[in-house]
Amino acid sequence: MTIVASNSLTVSNINDGTITHTAYSWSSDGTDRFTTVYPRFNLLTDSKGFKNKGVLEKTVNTSITSYDSTIVKEGNETYLHYLRTDSNYNDWFRAFLVRNGNSNFSNVDVKGNTEYTFSVWLRGTGTHVIYAYAGWTEPWNANKTITLTKDWKLYTFTVLTRSKQELNTKPFIQFFIRSDNVGSEVNLKYPKVEEGSTATPYMPSSSEVTTADYPSYIGQYTDFKQADSTNPSDYTWSLIRGNDGKDGADGKDGRAGKDGVGIKTTVITYAISTSGTTAPNSAWTSSVPSLVKGQYLWTKTVWTYTDNSSETGYSVTYISKDGNNGHDGIAGKDGVGISNTIIEYVGAVSGTSKPT
């Protein structure tokens with residue numbers, strides 16, 4: 001067993017009837033991609049580097065196609081740039097979930113009567129339309145019109161699928177963007193499709209995810225309200241996924257590895273344990289369980305490779321107990337107050353000497 005990271009988490013007093021709220025982030029103050037829903041994997045592949053952008057649809061083996069755009073690298077980000085001209089085809093971006101007739105493409109098992117959300121970051125000029133093509137949603141021609149600005153903005157589009165029987169007759173299930181206005185410009189990054197009506201922060205597909213793609217911090221607070229706060233400062237943040245450690249000393253050469261083995265899936269689960277050194281054998285869940293003071297929150301990551309071998313890594317977080325109650329202080333002296341008041345009168349010939 002290998003412990004990847006270890007840290008301490010302090011939980012404040014929790015009374016009966018209170019509700020514990022949980023959020024996730026990529027920064028210690030909760031401001032980087034704050035979310036109260038753990039981000040789901042992307043159903044789209046090649047949604048980050050767009051390496052198959054110009055490949056013919058008949059041979060492409062990833063989800064994204066965009067013939068008339070160009071790839072732009074800006075710092076650590078990569079995005080597509082598209083300019084609508086007279087000669088360009090106006091349906092310039094496609095994100096496929098099903099592409100029958102192409103043996104290179106692995107279709108997504110799209111569920112019937114289920115909501116799916118397409119989300120994407122865009123900036124540019126002009127009005128454009130996001131479509132769900134063709135006939136796999138209710139209503140039949142579901143679409144959303146958007147107007148772009150010069151600043152990056154997240155756009156989301158949720159659709160409801162038809163019955164599974166109807167979906168099985170559709171050779172193509174996809175989202176695409178149509179730009180009809182000549183001279184309009186679109187810049188696009190981080191396209192994502194996920195099940196459900198909530199757009200969670202961008203993640204690559206399960207086959208493409210890396211350690212850096214997961215949230216690094218978990219935040220929690222308690223109160224008597226049902227709704228989660230959207231203010232990161234309301235949460236106490238703790239590291240759940242540490243940075244890579246320093247390189248160790250060089251070891252001896254291992255056995256030669258198999259050729260062409262990549263990551264097939266990545267699964268993350270959580271469990272509570274009384275031990276901070278031995279990982280639990282059971283009770284692992286896909287969501288963070290209720291925290292128990294004095295115990296440990298374990299995070300397990302299982303990587304399955306394309307040759308069906310697997311590897312497991314762990315991180316552990318201590319949930320601190322409340323401090324001891326303080327002793328009573330020394331008793332103070334009794335306070336002094338007025339017991340009673342007596343008023344008397346007397347006549348005198350002097351106004352400066354008190355009568356005897």
Computed label-point distance, nm, for sites Asp29 and Thr304 using a 7 Å Cα→Cβ extension: 4.1 nm
So how much slack lies between Asp234 and Ala283, counting 0.36 nm per residue of separation and subtracting their Cα-Cα distance, in nm? 14.7 nm
If the limit is 31 Å between Cα atoms, which of Lys73/Lys170; Lys58/Lys300; Lys48/Lys321; Lys58/Lys111; Lys144/Lys264 go over it? Lys73/Lys170; Lys58/Lys300; Lys48/Lys321; Lys144/Lys264
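Coordinate-derived values only; no laboratory data. Just so we're clear, the structure is a prediction, and the values are computed from it rather than from any experiment. Heads up, the Cβs are rebuilt from the backbone with ideal geometry, glycines too, and the neighbour counts pull from every protein chain shown.
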